[in-house]
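Participant: I am attaching a structure below and will ask some questions about it afterwards.
The values are calculated or read from the model by the stated rules, or taken from the named source; none is laboratory data. Treat the numbers as computed from the prediction; the structure is a model and nothing was measured. Cβ placement follows ideal geometry from the backbone for every residue including glycine, while neighbour counts extend to all protein chains displayed.
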Amino acid sequence: MYKKYKIVIAEDNTLFLTFIKFKLEKEGFELYLAENGKQAIELIEKHNPDLILTDVMMDFISGLEVISYVRNTLKSQTPIIVFSASGQEEIVLKAFHLGANDFIGKPLSPNELVIRIKKLLK
Amino acid sequence: MSILNQLLNFTEDTPIIIAIIWKLVSIFIISILLLIGILKIVRFNMRFNEKNDKKLQIFYEKLLIEYLLIEKENPEKIIEHQKIIDKISKTLKRKRYRKILIKTFHKTKGQIAGDASSNVDELFVKLGLTEYSKRKLRKNNNWVNTAVAIRDLKTFNIKDAEKEVSKFINSKSEEVRQEVFFYFIAVFGFDGLSFLDKLTEPITLWTRIRILESLKKIELQEFPDPKNWLESENEYVVILALELVATYNLFDNLEVLTALLSHKNEKVRLKCIELFKEFYIPNGKEVLINSFYQRTLKEQVCIFKLLEDQATKEDEKFILKNINNSNFEIKVSALKILNSINRSKFLEFKFIFSNQENTKIIQHIEYS
């Protein structure tokens with residue numbers, strides 16, 4: 001039976017969010033969208049996704065805090081991809097240290113994002 | 001009216017100074033009330049415009065995404081694209097709308113890369129926005145507008161604006177010049193550095209750093225020969241060229257590099273000595289030692305730093321001449337070098353030096 005993978009996307013830039021949503025829906029993923037970290041956590045708890053995509057800089061709760069919550073509080077090993085416009089080494093290292101599986105700097109290629117998602121879901 | 005008359009008559013029986021004060025107070029109160037009214041109107045207008053701008057931004061974002069997501073394989077792709085272009089074009093007569101559209105384009109370019117990003121560039125051209133940017137350049141009435149226009153042409157990779165942009169290579173505004181440099185590098189890669197052939201204005205340290213950073217983003221290509229830039233009349237171009245030589249290991253022009261050790265500008269000479277220090281360029285050391293006493297103090301200190309890495313036994317005579325140099329840095333350097341090329345000779349100086357300061361230096365070097 002064909003499984004539809006569930007992905008939670010947390011991104012406060014509506015243009016980017018809409019673009020990624022269109023692209024990933026075309027690839028057959030079931031998407032849940034959050035505009036900030038707080039909404040992202042609520043969606044993760046409710047839908048138990050197969051993968052999480054999160055921006056680093058967001059209102060209320062940042063992407064790094066989302067990663068920490070998923071790994072330390074929910075004790076979940078759900079693959080997490082982080083993206084950020086800031087390519088600072090500090091942030092990249094922190095994201096991996098907290099448990100992210102992959103990091104993509106912005107601007108990012110949607111095709112590349114799809115490949116990385118499929119690789120992690122295998 | 002009677003109240004007004006009463007107010008007006010109020011001051012008639014009062015002393016003049018009190019009357020003046022009351023009249024001034026009245027004027028201030030009326031002015032404040034007027035200003036409050038004006039500010040409310042301005043605030044209302046600003047909020048109204050902000051709401052409209054937001055709606056417009058969402059409208060443009062939606063159309064842009066639709067444009068980018070039409071599949072290549074879709075047989076009606078051209079028709080769909082044209083419909084979107086027509087919808088957007090209708091709004092472009094107003095300057096404010098164009099500003100918001102270009103802002104949306106910039107936002108999109110900052111978020112996505114790859115094919116989608118090239119499609120944004122393509123749309124920018126199809127909407128005729130290139131012409132608006134070129135028009136700003138032709139007007140050239142304000143450095144801000146010029147810099148913004150060049151930035152837009154850079155962001156959307158508009159190659160055919162090269163002629164218009166190159167007119168600003170020697171602009172008196174540093175901000176405009178910077179945008180020109182980054183336009184050429186972003187759009188033409190390493191070949192874009194040809195602007196250095198025409199540049200007569202200075203390049204600041206910060207701009208040099210940013211140029212080198214931008215060049216790092218370019219995919220591996222053959223680097224152009226920097227010989228012309230090393231021989232430029234503009235010392236800032238020479239200094240940047242030396243940095244390019246160091247970064248990209250461009251050592252085909254050793255004669256030119258050696259000649260720069262005698263350049264008329266001290267900053268160029270210092271930069272060149274640093275290059276020779278880092279890369280062990282043949283004959284450099286000999287040229288520097290032979291001309292040591294004709295050089296400035298800064299250069300002499302720099303030469304000794306070079307010798308700390310590159311001195312050999314053959315240089316011992318020269319080093320010994322400078323053991324008692326009046327400059328502290330040179331003295332310490334000379335002793336360090338002597339320690340590395342002839343330790344026994346160095347240790348003799350423990351007994352030769354009667355000065356306490358010199359003895360302390362020797363002890364420090366001996367045990368470090």
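Participant: Could you please find all residues in the stretch A:22-32 being farther than 14 Å from residue A:83 by Cβ and not hydroxyl-bearing (Ser, Thr, Tyr)?
Facilitator: Passing the criteria: A:22, A:25, A:26, A:27, A:28, A:29, A:30, A:31.
Participant: If you don't mind, there's one more thing I want to ask. Restricting the stretch B:67-103 to residues that are within 28 Å of the chain's Cα centre (by Cα) and touching a residue at least 24 places away in the same chain (Cβ under 8 Å), which is nearest to the other protein chains (Cβ to nearest Cβ)?
Facilitator: Here the residue is B:103.
Participant: Considering each of A:26, A:21, A:3, A:106 in turn, give the residue that is among the basic types (Lys, Arg) and over 29 Å from residue B:56 (Cβ atoms).
Facilitator: Residue meeting the stated conditions: A:3.
Participant: Then there's this: Hey, among the residues in the stretch A:84-122 that are assigned to a loop (DSSP other than H, G, I, E, B), in contact with a Lys or Arg (Cβ under 9 Å, 6 or more places away or on another chain) and within 10 Å of another protein chain (Cβ to nearest Cβ), which one's surrounded by the fewest Cβ atoms within 10 Å (Cβ to Cβ)?
Facilitator: A:85
Participant: Right, something else. Go through the residues of the stretch B:32-46 one by one and say whether even a single one is surrounded by 10 or more Cβ atoms within 10 Å (Cβ to Cβ), within 43 Å of the chain's Cα centre (by Cα) and basic (Lys, Arg).
Facilitator: For the stretch B:32-46, residues surrounded by 10 or more Cβ atoms within 10 Å (Cβ to Cβ), within 43 Å of the chain's Cα centre (by Cα) and basic (Lys, Arg): present.
Participant: Anything in the stretch B:104-132 that is small (Gly, Ala, Ser), more than 10 Å from every other protein chain (Cβ to nearest Cβ) and either under 17 Å from residue A:15 (Cα atoms) or part of a helix (DSSP H, G or I) (or both)? List them, or say none.
Facilitator: B:118, the sole residue that qualifies.
Participant: Every residue in the stretch B:269-321 that is among the hydroxyl-bearing types (Ser, Thr, Tyr) and on the phi > 0 side of the Ramachandran plot, please.
Facilitator: Across the stretch B:269-321, the qualifying residue is only B:280.
Participant: Follow-up question, since we're still on this one. Do you know which residues across the stretch B:48-65 are away from every other protein chain (no Cβ under 14 Å) and either of a type in the set (A, V, I, L, M, F, W, C) or not in a helix (DSSP H, G or I) (or both)?
Facilitator: Answer for the stretch B:48-65, where residues must be away from every other protein chain (no Cβ under 14 Å) and either of a type in the set (A, V, I, L, M, F, W, C) or not in a helix (DSSP H, G or I) (or both): just B:48.
Participant: I'd like to check which helices (runs of 4 or more DSSP H) are fully inside the stretch A:1-80 and have at least 3 residues that are within 14 Å of chain B (Cβ to nearest Cβ), over 28 Å from residue B:60 (Cβ atoms) and in contact with a strand residue (DSSP E or B) (Cβ under 9 Å, 6 or more places away or on another chain).
Facilitator: No helices (runs of 4 or more DSSP H) qualify here.
Participant: Could you tell me whether residue B:91 is under 26 Å from residue B:51 (Cβ atoms) and surrounded by 19 or more Cβ atoms within 10 Å (Cβ to Cβ)?
Facilitator: Here the answer is no, as residue B:91 does not meet what is asked.
Participant: Considering each of B:101, B:68 in turn, give the residue that is aliphatic (A, V, I, L, M), in a helix (DSSP H, G or I) and modelled with pLDDT under 90.
Facilitator: Within the list B:101, B:68, the selection yields B:68.
Participant: Applying the selection to the stretch B:292-307, what residues are free of Cβ contacts under 8 Å to residues at least 24 places away in the same chain and under 14 Å from residue B:333 (Cα atoms)?
Facilitator: Once the filter is applied, which keeps residues that are free of Cβ contacts under 8 Å to residues at least 24 places away in the same chain and under 14 Å from residue B:333 (Cα atoms), the stretch B:292-307 yields nothing.
Participant: When you scan the stretch B:244-301, how many residues do you find that are assigned to a helix (DSSP H, G or I) and not hydrophobic (A, V, I, L, M, F, W, C)?
Facilitator: Residues in the stretch B:244-301 being assigned to a helix (DSSP H, G or I) and not hydrophobic (A, V, I, L, M, F, W, C): 21 in total.
Participant: Here are B:274, B:255, B:201, B:266: which of them is within 26 Å of residue B:166 (Cα to Cα) and not hydrophobic (A, V, I, L, M, F, W, C)?
Facilitator: After ruling out the rest, the residue left standing is B:201.
Participant: Could you list, in sequence order, all residues of the stretch B:133-173 that are of a type outside the set (Gly, Ala, Ser) and part of a loop (DSSP other than H, G, I, E, B)?
Facilitator: B:140, B:141, B:142, B:156, B:157, B:158, B:167, B:168, B:169, B:170, B:172
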